[in-house]
Amino acid sequence: MRFLRHFAIRCTLLAIALVLFAEATKAQDKKSEYACSEPNPASVCTASNTCGSASEPCSVDVKRTADSASATPSIQDAKGNSTFCVKAGTAVVWKSDTRHQGFIVDMGPKTPFSTDDIIGGSDKSVTLVAKTPGCYKYSVGACLSGAIYGMCGNSTAELVVVE
């Protein structure tokens, strides 16, 4: 009887060790969901998430969503606030396709553009050229015209500028 109890304890400890090892391995294989946390952020850039070119601007639609704000680049099947890439020298058009809406994009202390704050709306798009390669976390806010406190939304996203 004592032998069976020791055997059961050893099997249980072995099973726990295997589960912990499997979880640790899975955590190491998982890439960060944030491009700017990667050692080489430009490595996340592919043809499917690169917007615009030297001859065609990248257009980013900023809008208020049900519970926040989103910035969606003009890439096929792009989702709001998804990381997107542009090549240095590409013009980026920040705009809102939603009527009577204003927005602000705050690039923070580090920016690829000539300004850190981009302010526009449905009647005023803002075109800036991405100059400095790097990875940039930015926040975006959008409000409907005449909105009262709490009627605006904000969110964060990432932009990678490659050479």
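Looking at the structure I just gave you, is C85 at pLDDT 95 or above, closer than 27 Å to P39 by Cα and either out of contact with any Gly (no Cβ under 7 Å at 6 or more places or on another chain) or not hydrophobic (A, V, I, L, M, F, W, C) (or both)?
yes
Within the stretch 61-75, work out how many residues are open to solvent by less than 40 Å² (accessible area, probe 1.4 Å) and either of a type outside the set (S, T, N, Q) or outside any loop (DSSP other than H, G, I, E, B) (or both).
Going through the stretch 61-75 one residue at a time, the tally reaches 8.
So, in the stretch 93-152, how many residues would count as being more than 26 Å from Y34 (Cα to Cα) and among the polar types (S, T, N, Q)?
Result for the stretch 93-152: 5.
Out of the residues in the stretch 8-60 that are in a loop (DSSP other than H, G, I, E, B) and of a type in the set (D, E, K, R), which is modelled with the lowest pLDDT?
Checking each candidate, the answer is K30.
Does T132 qualify as being more than 17 Å from S59 (Cα to Cα) and of a type in the set (S, T, N, Q)?
yes
Residue by residue through the stretch 69-84, note down the ones that are among the hydroxyl-bearing types (S, T, Y) and over 14 Å from the mean Cα position of the chain (by Cα).
S74
The values are calculated or read from the model by the stated rules, or taken from the named source; none is laboratory data. This structure is a prediction, so every number in the text was calculated from the model and none was measured. Here Cβ is always computed from backbone atoms with ideal geometry, including for glycine, and neighbour counts include all displayed protein chains. Accessible surface areas use protein heavy atoms only, side chains included; no ligands, DNA or RNA. Shrake-Rupley method; radii C 1.70, N 1.55, O 1.52, S 1.80 Å.
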